[in-house]
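Engineer: The structure is given below, and queries will be raised subsequently.
The values are calculated or read from the model by the stated rules, or taken from the named source; none is laboratory data. Fair warning: this is a prediction, and the values are worked out from it, not measured in the lab. FYI the Cβ positions are ideal-geometry reconstructions off the backbone, even for glycines, and counts take in every protein chain you see. These accessible areas exclude ligands, DNA and RNA; they are computed on the full protein's heavy atoms, side chains included. Shrake-Rupley method; radii C 1.70, N 1.55, O 1.52, S 1.80 Å.
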Amino acid sequence: MQFSISKPAKYALDALEAAGYEAYLVGGCVRDNLMGIPPHDYDITTSARPEEIKRVFSSCHLVLDGEKHGTVSPVIDGTMIEITTFRADGAYSDGRHPDEVRFSTRLADDLERRDFTVNAMAWSEKTGLVDLHGGAEDLKKGCLRAVGDPQKRFQEDALRILRGMRFASRLGFELDPATSAAMHELAPRLENISRERIFTELTGVLQGGHAMRVITEYHDVLFTVIPELFPMYMCPQKSVYHIYDVWEHTLHVLDAIEPRTPLLCWSALLHDCGKPQTRMRDRKGYDHYPQHQQVGARLAERILLSLKVSNAFLKDACTLVMHHDDEVNPATAKLLMYRVGPERFEALMSLRRADLMGHYLPKVQKELDAIPSALERYQQAVQEHECVSLKDLAVNGDDMMSLGLQGPDIRETLEQLLMMVLKDEVPNDRDILLDRARQL
Ligand code: ATP
Ligand code: MG
């Protein structure tokens, strides 16, 4: 079999073997290789103990963050290669971390502790493929199967449930029935897992090309980790603009979102989370959701805070949720740049486009068609450094004071002037703006 292996990874394998140790590529890079996908990194598993790995690579810079788990990472030709001693994990009394890291001298032990059969294969030039759990067969079938007893494996570490969803979403694979049943059953154990790790794995689920199918099948798992989303499930959406309920609509938006960045995927998932709380049915039987953007932005904030995301991510996502329903056309482009910040404008257009794609299309074609022209207007505004914020305005607070304004009137007047400029009602010209200020 033809294996693609980077020069640094080959160097590392050769160096370990030359020193008398067993060494193999393992995990994702073997899986990707068999699928014909270029691996994004190479992990090595070896019989050498951490201090022995350090000795073999004593001439390299060594990253030692993972040393107590047996991982030593030499930097070879500028690339970090993770090299881990064969492990045979002990008991997991907290459902998260093995109570002790036990090193082993057998590759078989190391493969047995891995999550899915397709991730539990090893390869070396000398030995070829080592596949003790039928990983290659499962790979061919597009099947994710836990190594060993799925119940036990998810009890040991519930994060594997989300990892299963992530691989299914990325690779388009099906979960083996027994593995799938255990995922549903043991989802409550995710309560023991750190929120940061849940966020990371969920982000991977959302970014995958098969996210809609996977979340449809495992919505119960998602609602276990983010119960705030449950009210969206089967929330009615009777409207001439819609053909799906709120939850189905959300999944269609997630399906359509491009590019599949973490920010856009999370914004797609959360954009309508304020709808269940704000739903009102009118006398004709149609649903309305007044202020669902504001309510949704607040709920999105709560959800993302609970997942311990960075402040920058929180701000970006909540801003997009807050403005996802704003009117979009060339005439509102600069207003939107002001509201969300120019750096978020393109993301807002992506969300808007995906949102509309999840509507009844004949009813929203005009709004969809307006997006490219709004983007053009935005690009023009950027190129020509047009005024899109108070600090770009050709007049400032001092000018207002010299007109005799005081206190809050100053900012209010400046904002009124800015609105006129954003709507292209007046040019950003000092004399004209001073004149307008006098009229105000
Ligand atoms: P990716 O392409 O996303 O990096 P990967 O398979 O390399 O996929 P990693 O998270 O990098 O995934 O993990 C590397 C390997 O370590 C996996 O292939 C798997 O064998 C093993 N592994 C990682 N996390 C776990 C876990 N929680 N339980 C068991 N095995 C795990
Ligand atoms: Mg990896």
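Engineer: Among the listed residues Asp94, Asp99, Asp110, identify the single one that is within 16 Å of ligand 1 (Cβ to nearest atom), on the phi < 0 side of the Ramachandran plot and open to solvent by 70 Å² or more (accessible area, probe 1.4 Å).
Structural biologist: Asp99
Engineer: Any idea which of His97, His40 is within 30 Å of Lys140 (Cβ to Cβ) and assigned to a loop (DSSP other than H, G, I, E, B)?
Structural biologist: Being within 30 Å of Lys140 (Cβ to Cβ) and assigned to a loop (DSSP other than H, G, I, E, B) holds for just one of His97, His40, which is His40.
Engineer: Let me ask something else about it. Among the residues in segment 1-23, are any outside any helix (DSSP H, G or I), within 16 Å of ligand 2 (Cβ to nearest atom), under 29 Å from the mean Cα position of the chain (by Cα) and buried (at least 22 other Cβ atoms within 10 Å of the Cβ)?
Structural biologist: no
Engineer: Further question: Here's a check for you: in segment 233-271, which residue that is outside any loop (DSSP other than H, G, I, E, B) and open to solvent by 30 Å² or more (accessible area, probe 1.4 Å) is nearest to Arg344 (Cα to Cα)?
Structural biologist: Leu263
Engineer: State whether one or more residues within segment 323-336 are touching a strand residue (DSSP E or B) at 6+ places or on another chain (Cβ under 8 Å), open to solvent by less than 20 Å² (accessible area, probe 1.4 Å) and of a type outside the set (A, V, I, L, M, F, W, C).
Structural biologist: The answer is no; no qualifying residue exists.
Engineer: Sticking with this one: Can you pull out the residues in segment 143-156 that are more than 16 Å from ligand 2 (Cβ to nearest atom) and within 30 Å of Thr261 (Cα to Cα)?
Structural biologist: The answer is Cys143, Arg145, Ala146, Phe154.
Engineer: Enumerate the helices (runs of 4 or more DSSP H) found wholly within segment 272-365, keeping only those where 1 or more residues are within 30 Å of Ile193 (Cβ to Cβ).
Structural biologist: The helices (runs of 4 or more DSSP H) meeting that bar are 275-278, 292-306, 311-323, 345-357.
Engineer: Can we say Arg170 is assigned to a helix (DSSP H, G or I), under 14 Å from the mean Cα position of the chain (by Cα) and within 16 Å of ligand 2 (Cβ to nearest atom)?
Structural biologist: yes
Engineer: I'd like the residue in segment 116-132 that is buried (at least 21 other Cβ atoms within 10 Å of the Cβ) and in a loop (DSSP other than H, G, I, E, B) and, out of all such residues, is nearest to ligand 1 (Cβ to nearest atom).
Structural biologist: My answer is Ala120.
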